[in-house]
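Each value in this text was obtained by applying a stated rule to the coordinates, not by laboratory testing. Just so you know, these numbers come straight off a predicted model, no measurement behind them. Here Cβ is always computed from backbone atoms with ideal geometry, including for glycine, and neighbour counts include all displayed protein chains.
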Amino acid sequence: MISLILHGGAWNIPNEIVGAHRNGVSLALEKGWKILERGGHALDAIEQTIRSMEDDPIFDAGKGSFLNELGEIELDASIMNGTSLKCGAIAAAQNIRNPISLARMVMEKSENVLLTGLGAVRFAKEHGMPVCRNDDLLVPRELKRWKELQQSKSFSPKDSFRADLPSDTVGAIAMDEKGNIAAGTSTGGTPNKHPGRVGDSPLIGCGTYADSQVGGVSCTGWGEGIIKVVLAKTVIDHMEMSGADGDAAALFGIERLKKKVDGYGGIIVLDKNGRPSVAFNTPRMARAYRTSEMNAPFVEV
Ligand code: GLY
């Protein structure tokens, strides 16, 4: 059994950009799937899947990310190997084209789990990863949004998960032919965020978790809410401690998010057998999955 599931954000995705989301998640699935089919490791599959969405400007990750209050792009990402429980993450890091690859570098080339801001960028340079300019990640759509938000005094980042503003955090979970499960998440965070603000995506147990004996989880949505209920690990614990299947655990997580902190978002899950599940309480969620038991991929927005 091999299996791959991914998401490209959960929000009220307008009709006119549904097609672009569908294409983005479809292409990302194809990239990761090829790696799994060739017998590649789950980590390689999710890294390439997430890089594909970071490079696609339709998503709030890598190129196309939201700007912070100062008009800068600060990126958060995490990755976890469910077999060794090794994990790596970066937060509030600028000038990084593919944050998920830097998170993996932190996991594999340091004794640390999370590097932030200038320290994360310094680590990238020390390990030969080229940095880019803020402008290389900036797209006209987000510059326009940022300018409009400067005029709007009443905007709260939480509004972005209820109204028509995007929350296109991306994430993926894979199980390879050896049964290794890996999960990762990457985001530009929330629109007009305070410089230095860190969401759930780079926090292990909040936006991402993987344990090959139980399953993997990646979350999207209102980061401050997701952190408060430690969403990814809550879903994993529900599977491990209560014996819930992936569908029930994903639903449990999303209901908990709403009930405890009035939060909105989406969750993807792979259980230890590679079975995919999804739950969300937003009007739409961009998602795709495939397992070796399916003849064709599932893609939906
Ligand atoms: N879930 C992404 C964020 O709040 O930063």
Worksheet item: Using the alpha-carbon centroid of each, what span in Å lies between region 193-218 and region 57-101?
Response: 11
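Round to the nearest 0.05 the FRET efficiency obtained for L85 and S152 when R0 = 51 Å and r is the Cβ-Cβ distance.
Details: r = 43 Å, r/R0 = 0.84.
Between L85 and S152 the formula returns 0.75.
By the gyration tensor of its Cα atoms, with a ≥ b ≥ c the square roots of the eigenvalues, what is the shape of region 89-248: rounded for a/c under 1.5, prolate for a/b over b/c, or oblate? Write out the running numbers ahead of the final one.
Numbers: a/c = 2.26, a/b = 1.26, b/c = 1.79.
Note, shape of region 89-248 comes out oblate.
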Discussion item. Run the count for region 1-159, please: Lys pairs, Cα-Cα under 25 angstrom, 8 or more apart or on different chains.
Written reply: 16
Discussion item. Quick check on packing: order 78-85, 3-10, 205-212, 264-271 by the mean number of other C-beta atoms within 10 Å, highest mean leading.
Written reply: 3-10, 264-271, 205-212, 78-85
